[in-house]
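Enquirer: Sharing a structure, written as structure tokens. Questions coming.
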Amino acid sequence: MDKFTTLTGVAAPLNMINVDTDKIIPKNYLKTIKRTGLGTALFAEMRYDEGGRENPDFVLNKGPFRNATILVSGENFGCGSSREHAPWALLDFGIRCVIAPSYADIFFGNCFKNGILPMILPEPRVNELLRFLLELPGAEITVDLPAQTVTGPDGKADAFEIDAFRKHCLINGLDDIGLTLQKEAAIKAYETTAATSRPWV
Amino acid sequence: MSQPATMFEKIWRRHVVVDRQDGYTLLYVDRHILHDGSFFAFERLKQVGQKVRRPERSFGTPDHYVPTDTRNVAAISDDRQRLLVTSMARHGAETGVTVFDVGDRRQGIVHVMGPEQGITLPGLTMVCGDSHTSTHGALGALAFGIGSSEVTHVLATQSLWQRKPKSMRITVDGQLGFGITGKDVILAIIAKMGAAGAVGHVIEYAGSAIRALSMEGRLTVCNMSIEGGAKAGMIAPDDTTYEYVRGRQFAPKGAAWDAALNQWRSLPSDDGATFDRELSLAGADIAPMVTWGTSPEDAAPITARIPEPSSAPDIAKREGIERALAYQGLTPGTPIDGIKIDRVFIGSCTNSRIEDLREAAKVVKGRKAAVPSWVVPGSGIIKEQAEAEGLDRIFEDAGIEWRHAGCSMCIGVNGETGKPGERIASTSNRNFVGRQGRGVRTHLVSPAMAAAAAVTGTFTDVRKLLPN
């Protein structure tokens, strides 16, 4: 997993609430047997017409947004299916950070497992960023994860909250299986106790 | 005397392996359920050089990618799809995980198979790489969906790092009206609290209307907890639960059953236990529900009309309704009762159990389907049981297709989808844009309402069709 420290890049505005993972990556792309190469499938049903041609009105098909590394969207982003193909597709397109007022739990957790920062900002600030990005296509946002600040195209810097453990894993590109295996003795002890207290499981 | 505790709290405490100072808990996973979409997690496990730590605690069955018109897996023309379906059994053979493969009568949708086999039990922690894992909470388990990376983690360590979610109690008191099912209850709840209404919370459904539900009805309610954003949904175990679990293949037997039952009886939330949030609904007020938009929160009684965007509280919501109605091809103010439909799908982890099929058959009996309609049972066992009861004949006599077990048109990753522009009355759980196929318009309903739509060709208040 790639480390995440700082990021300055074009931010794309996706001005919708409840963006579900079926929208992020539709079913026809779930027959894949690889985690990579899903960038072309990102938001496919909004991005392409039935014939596979680009929809010129969709944000990621517009000039500078083709190179977006940050996505700004509305509340409850990533709701629905647990498919990890959603962060895989975002990552393969080049998105390393999503900014929204809130996320669905499973998607939120899946992002961290793939080196993507799902940043939470208050709704008024997200709406302000969406307006800026719509008015100034190609405008950049700067994220400083160690300092926990995000600077918009207006030059305004905001602090953002992030759980210390997840921050640590993102900055160091850590996979938590390794960390958990260090708790082997505790897991074993738990299993020994549970074998007596709940032997039917 | 300890503080009164919620059922969630009691189960959580019993599964703590390590409590870390930063608020993370390493939570032990009692039982882990896998499906053909778990392919990546097994492959990843090999890549990171790990083995399945406790194979006897994992159970798999292919469901997402299996065709439901045939049991002949070799006939799947798409190589990748065939690989995904057949890999479940291969991964099982390689790792020692029990797999009910296509051809085994126990094969079916993971969230139907778990309770049916007695794998799901009260008081357990359970996970699966599927968001509808909340289903299993209907038996008083703490069950939640996880991503593929987390599936690998559970395979390797039989545990997960979690922050403790908040708790929420949703109380539905009173008697449900004639023709009202668990599906109508959960759609009414989600309409009230919103698609993100329970994010970060574990819901406990309580109240006399919930207690009166059958196991099937409870499974339907808990299944859609995720559509309200909840981490999990659960219902306290009671005699309905114990009667359901008793004698199932992987449930405890003999003295172990007695010991288990004794402990299960202490699971329900204590009197005076407090929840972070409370919500209540009057059971008697719930009507048969139909979704009109593209989020499960867009649900309304069959007696209502398509909403006016101008009725929305803010601009974002108004635009959301406008976008949803444009996709759905609906005009504000249209009565829902009478809207024409093109297709019916009865199935999915929400509504493919025997009671669901019986309710649909009751409406269909002696009538003919007006539109193409499918019934897809949740497992091979349910299929057999329905056939023993003659339900398949009722459906087939009406011109409804009787198919094999699988997720089918709920998600359509096996290729079974509607056609662009089609309006589907569906007993599944998601009405997202494109969920049942590009351009397909999904409306979520109960099995009885889906059957009513099948025989009339329109959304119809099923209470008018049911014998009193």
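The values are calculated or read from the model by the stated rules, or taken from the named source; none is laboratory data. Model, not experiment: these values are computed from the prediction. All Cβ positions, even for glycine, are placed from backbone atoms using ideal geometry, and neighbour counts span all protein chains on display.
Enquirer: When only residues in region B:230-258 that are among the aliphatic types (A, V, I, L, M) and surrounded by 15 or more Cβ atoms within 10 Å (Cβ to Cβ) count, which is farthest from B:LEU279 (Cα to Cα)? Break it down into steps so the answer makes sense when it comes.
Expert: Keep residues of region B:230-258 that are among the aliphatic types (A, V, I, L, M), which gives B:230, B:232, B:234-236, B:245, B:251, B:255-256.
Within this subset, residues satisfying the condition of being surrounded by 15 or more Cβ atoms within 10 Å (Cβ to Cβ) are B:230, B:232, B:234-236, B:245, B:251.
Values: B:ALA230: 13, B:ALA232: 16, B:MET234: 15, B:ILE235: 15, B:ALA236: 17, B:VAL245: 29, B:ALA251: 33 Å.
Checked region B:230-258; the qualifying residue farthest from B:LEU279 (Cα to Cα) is B:ALA251.
Enquirer: Quick check on region B:18-58: of everything there that is at the interface with another protein chain (Cβ under 7 Å from one of its Cβ atoms) and free of Cβ contacts under 8 Å to residues at least 12 places away in the same chain, which residue is surrounded by the fewest Cβ atoms within 10 Å (Cβ to Cβ)?
Expert: B:ASP22
Enquirer: Looking only at region A:149-163, filter to residues that are closer than 27 Å to A:HIS85 by Cα and surrounded by fewer than 16 Cβ atoms within 10 Å (Cβ to Cβ); which one of those is nearest to the other protein chains (Cβ to nearest Cβ)? Don't jump to the end; show me each part of the working.
Expert: As a first pass, look at region A:149-163 and keep what is closer than 27 Å to A:HIS85 by Cα: A:150, A:160-163.
Now drop any that are not surrounded by fewer than 16 Cβ atoms within 10 Å (Cβ to Cβ), which leaves A:161, A:163.
Values: A:GLU161: 13, A:ASP163: 7 Å.
Per the stated criteria, the residue is A:ASP163.
Enquirer: Considering only region A:88-106, state which residues are more than 8 Å from chain B (Cβ to nearest Cβ) and part of a helix (DSSP H, G or I).
Expert: Listed by number, the residues that qualify are A:TRP88, A:ALA89, A:LEU90, A:LEU91, A:ASP92, A:PHE93.
Enquirer: Going through A:GLY9, A:GLY78 one at a time, which residue ends up being touching a Ser or Thr at 6+ places or on another chain (Cβ under 7 Å) and away from chain B (no Cβ under 12 Å)? Walk me through it before giving the result.
Expert: Values: A:GLY78 fails: away from chain B (no Cβ under 12 Å).
Exactly one of A:GLY9, A:GLY78 is touching a Ser or Thr at 6+ places or on another chain (Cβ under 7 Å) and away from chain B (no Cβ under 12 Å), namely A:GLY9.
Enquirer: Going through region B:348-387 one residue at a time, which ones are within 19 Å of B:THR70 (Cβ to Cβ), in contact with a Pro (Cβ under 7 Å, 6 or more places away or on another chain) and among the small types (Gly, Ala, Ser)?
Expert: Hits for region B:348-387 are B:SER352, B:ALA386.
Enquirer: Give region B:294-337 a look and list any residue that's loosely packed, with under 13 Cβ neighbours inside 10 Å and under 17 Å from B:ALA195 (Cα atoms), or say none.
Expert: Once the filter is applied, which keeps residues that are loosely packed, with under 13 Cβ neighbours inside 10 Å and under 17 Å from B:ALA195 (Cα atoms), region B:294-337 yields B:PRO313, B:ASP314.
Enquirer: Of everything in region B:153-189, what is more than 30 Å from A:ASP175 (Cβ to Cβ) and within 12 Å of another protein chain (Cβ to nearest Cβ)? Give them in sequence order. Before the answer, list the steps.
Expert: Step one: filter region B:153-189 for residues more than 30 Å from A:ASP175 (Cβ to Cβ), giving B:167-189.
Within region B:153-189, none qualify.
Enquirer: From (1) surrounded by fewer than 22 Cβ atoms within 10 Å (Cβ to Cβ); (2) within 11 Å of chain B (Cβ to nearest Cβ); (3) not basic (Lys, Arg), pick out the condition that doesn't hold for A:ASN110.
Expert: With respect to (1) surrounded by fewer than 22 Cβ atoms within 10 Å (Cβ to Cβ); (2) within 11 Å of chain B (Cβ to nearest Cβ); (3) not basic (Lys, Arg), A:ASN110 is out only on (1).
Enquirer: Condition first: within 14 Å of chain A (Cβ to nearest Cβ) and either touching a residue at least 12 places away in the same chain (Cβ under 8 Å) or over 22 Å from the mean Cα position of the chain (by Cα) (or both). Can you find one or more residues in region B:268-289 that meet it?
Expert: No: zero hits.
Enquirer: Are there any pairs with C-beta distances below 7 angstrom linking a residue in region B:134-150 that is at positive phi to a residue that is in a loop (DSSP other than H, G, I, E, B), with the two at least 6 apart or on different chains, and if so which?
Expert: So the pair list comes out as B:GLY140/B:PRO122; B:GLY140/B:GLY123; B:GLY140/B:ILE235; B:GLY140/B:ALA236; B:GLY140/B:PRO237; B:GLY140/B:LEU267.
Enquirer: Quick one: which of A:GLU54, A:GLU84 is of a type in the set (D, E, K, R) and touching a residue at least 24 places away in the same chain (Cβ under 8 Å)?
Expert: After ruling out the rest, the residue left standing is A:GLU84.
Enquirer: With the structure loaded, tell me whether B:GLY338 is touching a strand residue (DSSP E or B) at 6+ places or on another chain (Cβ under 7 Å) and closer than 23 Å to B:PRO467 by Cβ or whether it fails that test.
Expert: Criteria met by B:GLY338.
A quick yes/no check of all residues on (1) free of Cβ contacts under 8 Å to residues at least 24 places away in the same chain; (2) touching a helix residue (DSSP H, G or I) at 6+ places or on another chain (Cβ under 8 Å); (3) surrounded by 21 or more Cβ atoms within 10 Å (Cβ to Cβ):
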site	(1), (2), (3)
B:GLU359	no, yes, yes
B:ARG367	no, yes, no
B:PRO377	no, yes, yes
B:ALA388	yes, no, no
B:ILE394	no, yes, yes
B:ASP397	yes, no, no
B:GLY412	no, yes, yes
B:SER426	no, yes, yes
B:ARG430	no, yes, yes
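Enquirer: Residues in region A:165-187: is at least one farther than 23 Å from B:VAL154 by Cα, surrounded by fewer than 20 Cβ atoms within 10 Å (Cβ to Cβ), within 13 Å of another protein chain (Cβ to nearest Cβ) and of a type in the set (S, T, N, Q)?
Expert: The first filter runs over region A:165-187 and keeps only residues farther than 23 Å from B:VAL154 by Cα, leaving A:171.
Right, trim to surrounded by fewer than 20 Cβ atoms within 10 Å (Cβ to Cβ) and you get A:171.
Still in the list and also within 13 Å of another protein chain (Cβ to nearest Cβ): none.
No, region A:165-187 contains no residue that is farther than 23 Å from B:VAL154 by Cα, surrounded by fewer than 20 Cβ atoms within 10 Å (Cβ to Cβ), within 13 Å of another protein chain (Cβ to nearest Cβ) and of a type in the set (S, T, N, Q).
Enquirer: Quick check: is even one residue across region B:299-314 in a helix (DSSP H, G or I), more than 14 Å from chain A (Cβ to nearest Cβ) and basic (Lys, Arg)? Reasoning before the result, please.
Expert: First, the residues of region B:299-314 that are in a helix (DSSP H, G or I): B:309-311.
Going one step further and asking which of them are more than 14 Å from chain A (Cβ to nearest Cβ), we end up with B:309-311.
From what's left, basic (Lys, Arg): none.
So far as region B:299-314 goes, no, none of its residues is in a helix (DSSP H, G or I), more than 14 Å from chain A (Cβ to nearest Cβ) and basic (Lys, Arg).
Enquirer: Which residue pairs have Cβ atoms closer than 6 Å, lie 6 or more positions apart in sequence or on different chains, and pair a first residue in region A:13-26 that is in a strand (DSSP E or B) with a second residue that is modelled with pLDDT under 95 and among the polar types (S, T, N, Q)?
Expert: none
Yes/no matrix, rows are residues, columns are (1) at pLDDT 95 or above; (2) more than 10 Å from chain A (Cβ to nearest Cβ); (3) in contact with a strand residue (DSSP E or B) (Cβ under 7 Å, 6 or more places away or on another chain):
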{"position": "B:ILE76", "(1), (2), (3)": "yes, yes, no"}
{"position": "B:LEU83", "(1), (2), (3)": "yes, no, no"}
{"position": "B:MET88", "(1), (2), (3)": "yes, yes, yes"}
{"position": "B:VAL97", "(1), (2), (3)": "yes, yes, yes"}
{"position": "B:THR120", "(1), (2), (3)": "yes, yes, yes"}
{"position": "B:MET126", "(1), (2), (3)": "yes, yes, yes"}
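Enquirer: Continuing with the same structure: Is it the case that A:MET16 is closer than 26 Å to A:ARG166 by Cα, within 11 Å of another protein chain (Cβ to nearest Cβ) and surrounded by fewer than 21 Cβ atoms within 10 Å (Cβ to Cβ)?
Expert: Criteria not met by A:MET16.
Enquirer: With the checklist (1) more than 25 Å from A:PRO146 (Cβ to Cβ); (2) more than 14 Å from chain B (Cβ to nearest Cβ); (3) under 16 Å from the mean Cα position of the chain (by Cα) in hand, flag the one item A:ILE70 doesn't pass.
Expert: Of everything listed in (1) more than 25 Å from A:PRO146 (Cβ to Cβ); (2) more than 14 Å from chain B (Cβ to nearest Cβ); (3) under 16 Å from the mean Cα position of the chain (by Cα), A:ILE70 misses just condition (1).
Enquirer: Here's another thing I want to ask about it. If I filter region B:147-199 down to residues being more than 21 Å from A:PHE77 (Cβ to Cβ) and among the hydroxyl-bearing types (Ser, Thr, Tyr), which single residue comes out as surrounded by the most Cβ atoms within 10 Å (Cβ to Cβ)?
Expert: It comes out as B:THR181.
Enquirer: For region A:155-195: of the residues being modelled with pLDDT under 95 and among the acidic types (Asp, Glu), which is farthest from B:ARG163 (Cα to Cα)?
Expert: Once the filter is applied, the top-ranked residue is A:ASP175.
Enquirer: Let me ask another. Considering only residues that are in contact with a helix residue (DSSP H, G or I) (Cβ under 7 Å, 6 or more places away or on another chain), of a type outside the set (A, V, I, L, M) and more than 9 Å from chain B (Cβ to nearest Cβ), which ones fall in region A:113-124?
Expert: If the condition is that a residue be in contact with a helix residue (DSSP H, G or I) (Cβ under 7 Å, 6 or more places away or on another chain), of a type outside the set (A, V, I, L, M) and more than 9 Å from chain B (Cβ to nearest Cβ), then A:GLY115, A:PRO118 are the ones that fit.
Enquirer: Can you pull out the strands (runs of 3 or more DSSP E) entirely within region B:371-468 that have at least 1 residues that are in contact with a His (Cβ under 9 Å, 6 or more places away or on another chain) and away from chain A (no Cβ under 14 Å)?
Expert: B:423-426
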